[in-house]
Amino acid sequence: MKRFANQRSVSKYALAGALALGATIAASNAAMADAGGLSFWLPGLMGSLAAVPGQPGWSWTTMYVHLDVSANGSRNFVIGGSLVAGLQARADGVATGPTYTFATPVLGGQAAFGVFATPGNAGIDIDATLTGPRGRTISGTAHDERTDFGDVYYLGTLKWNNGVHNTMFYTLGNIPSGTYEAGRLANLSLGYVAVDAGAGYTYLDTKTGNEFSIVGGFTYNFTNPYNQYQNGIDSHIDWAASHFLNKNILVGIVGYYFQQLTGDSGAGARLGNFEGRVVGIGPQIGFMFPISEGYQGYVNLKAYKDFATENRPEGYTAWVTFAISPAAPSETPTKTRLIRK
């Protein structure tokens, strides 16, 4: 059976997961929050090899996310403090920033911490505004579009490896950028603080090239002070399966399940609990390549199509990740001395 890598070079494959994980802080999900049918957590954020430890040192990741979702005029949403009917939202976001992976073990595992900026563009069209933020009633279509910086996101992970089994705990949160504008349909900033935490598992057999990852977590959303809207507690599961065609190319499928567990609340929650749900699935392909001595690159492309949605717009998301990280130490055969008698 063909050997794709030995266990020492598992951290090379971690580039596909650990760095992509750090960068996918989903600038595009800020186009709307649970109030608009979307959430702090953008489903699909975690992917293949998410729980595999990486190489110690600095890395940099940039991810582009395109989101295109819509809902017909019979469905209502609260966006920017307004009650609207029907919408189409498009967002193009970039998440970019450094991650530092520590060499010193923490609780027997490998710790890493990253910080990411999220510039982007978001545009929203609606069929009608039913009630404005000051109680005014407005009819007719409307459009809003913004190009701005979203919030700053941070991500901490702690990972362990035991043969083909890899486990992880993570915490993800945001620092509001202050660019949120109440009353606008399109915002790149959430306007409130949220914290997400969870755990993940990756099965990686470097002899066969088979891999499977699953990550689950929960999001707690604090109240948006601009419109007195508090999203409920969200739960989510992201999963991915892939096969390495060789040591540098992987192909596979990705998917997610998102379910809001508790209802929305606050004076701005005009639609009541408004608990959302969505399921998604799609393809992926990844490429690994050397960049310079001691560093390697990774490019991943994946896409998701939504279905089984409830209280959320439906559509698709496309992701492109480019990551640079320290390469695994090269393995040179041990030299033996020739002894002549």
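Among 140-146, 276-282, how do they line up by average Cβ neighbours within 10 Å per residue, starting with the highest? Don't jump to the answer; show the numbers that get you there.
Details: 140-146: 13.6, 276-282: 19.1.
Ranking the peptides 140-146, 276-282 by packing returns 276-282, 140-146.
Let me know the Rg and Dmax you get for region 197-254 when you use only its Cα atoms, in Å.
17.6, 54
Using each residue's phi in region 245-252, evaluate 6.51 cos²θ - 1.76 cosθ + 1.60 at θ = phi - 60° and report the 3J(HN,Hα) Karplus result to the nearest Hz, with x for Gly and Pro.
5, 8, 6, 10, 10, 10, 9, x
Considering every pair of different Cα atoms, what Kirkwood radius, in Å, is found for region 45-103? Provide the component values of the computation, followed by the final result.
Numbers: mean 1/r = 0.0659 Å⁻¹.
Evaluated over region 45-103, this radius sits at 15.2 Å.
Rounded to the nearest 0.05, what FRET efficiency do Ile249 and Trp160 give with R0 = 41 Å and r taken as the Cβ-Cβ distance? Could you check?
Numbers: r = 27 Å, r/R0 = 0.66.
Using R0 = 41 Å, I get an efficiency of 0.90.
What nm distance separates the two modelled labels at Phe149 and Tyr295, each placed 7 Å from Cα along Cα→Cβ?
Taking the simple label geometry, Phe149 and Tyr295 are separated by 2.3 nm.
Could you give each residue of region 191-207 its phi-based ³J(HN,Hα) in whole Hz, using Karplus coefficients 6.51, -1.76, 1.60 with θ = phi - 60°, and x for Gly or Pro?
x, 8, 9, 9, 10, 10, 9, x, 9, x, 9, 10, 9, 9, 9, 6, 7
Mind listing the phi-derived Karplus ³J(HN,Hα) values for region 181-186, rounded to whole Hz, using 6.51, -1.76 and 1.60 with θ = phi - 60°, and x for any glycine or proline?
Each residue's phi maps through the Karplus curve to give 10, 5, x, 8, 6, 9 Hz.
So which chymotrypsin sites (Phe, Trp or Tyr not before Pro) in region 144-248 are both in a DSSP loop and have at most 15 other Cβ atoms within 10 Å of their Cβ? Mind dumping the intermediate values first?
Working: sites: Phe149, Tyr153, Tyr154, Trp160, Phe169, Tyr170, Tyr180, Tyr192, Tyr201, Tyr203, Phe212, Phe218, Tyr220, Phe222, Tyr226, Tyr229, Trp239, Phe244; in loops: Tyr180, Tyr192, Phe222, Tyr226.
Qualifying residues, ordered by number: Phe222.
Which far-off residues, 5 or more places away or on another chain, put their amide H under 5 Å from the one on Val152, with H placed in the peptide plane?
Amide H to amide H, under 5 Å and 5 or more residues apart or across chains, Val152 pairs with Ile175, Ser177.
Given region 291-333, report the % of alpha carbon pairs whose separation exceeds 12 Å. Present the calculation step by step, with values, prior to reporting the outcome.
Numbers: 648 of 903 pairs.
Considering region 291-333, 72 percent of its Cα-Cα pairs are separated by more than 12 Å.
Take the solvent-accessible surface of the protein heavy atoms, probe 1.4 Å, and return the percent of it on region 182-260 that carbon and sulfur atoms account for.
Values: 1860 of 2810 Å².
C and S fraction of accessible area: 66 percent.
Can you tell me what the convex hull of the Cα atoms of region 195-341 projects to on average, as an area in nm²?
Numbers: hull surface 53.9 nm².
For the Cα atoms of region 195-341, the hull's average projected area reads 13.5 nm².
Pick out, in residue order, every one of the GluC sites (Glu not before Pro) in region 270-324 that is DSSP loop and has at most 11 other C-beta atoms within 10 Å; say none if there are none. Walk me through the numbers before you get to the answer.
Numbers: sites: Glu275, Glu293, Glu310, Glu314; in loops: Glu275, Glu293.
Here the sparse-neighbourhood loop sites are Glu293.
Can you list, largest first and rounded to whole Å, the semi-axes you get for region 182-227 by taking the square root of 5 times each eigenvalue of its Cα gyration tensor?
Details: eigenvalues 297, 35, 6 Å².
In descending order, the three semi-axes are 39, 13, 5 Å.
The values are calculated or read from the model by the stated rules, or taken from the named source; none is laboratory data. This is a predicted model, so every value here is computed, not measured. Because the Cβ atoms are built from the backbone with ideal geometry, glycine has one as well, and the counts that use them run over all protein chains shown. The protein model used for the area step is the full one, side chains on, heavy atoms only, and it has no ligands, DNA or RNA in it. Shrake-Rupley method; radii C 1.70, N 1.55, O 1.52, S 1.80 Å.
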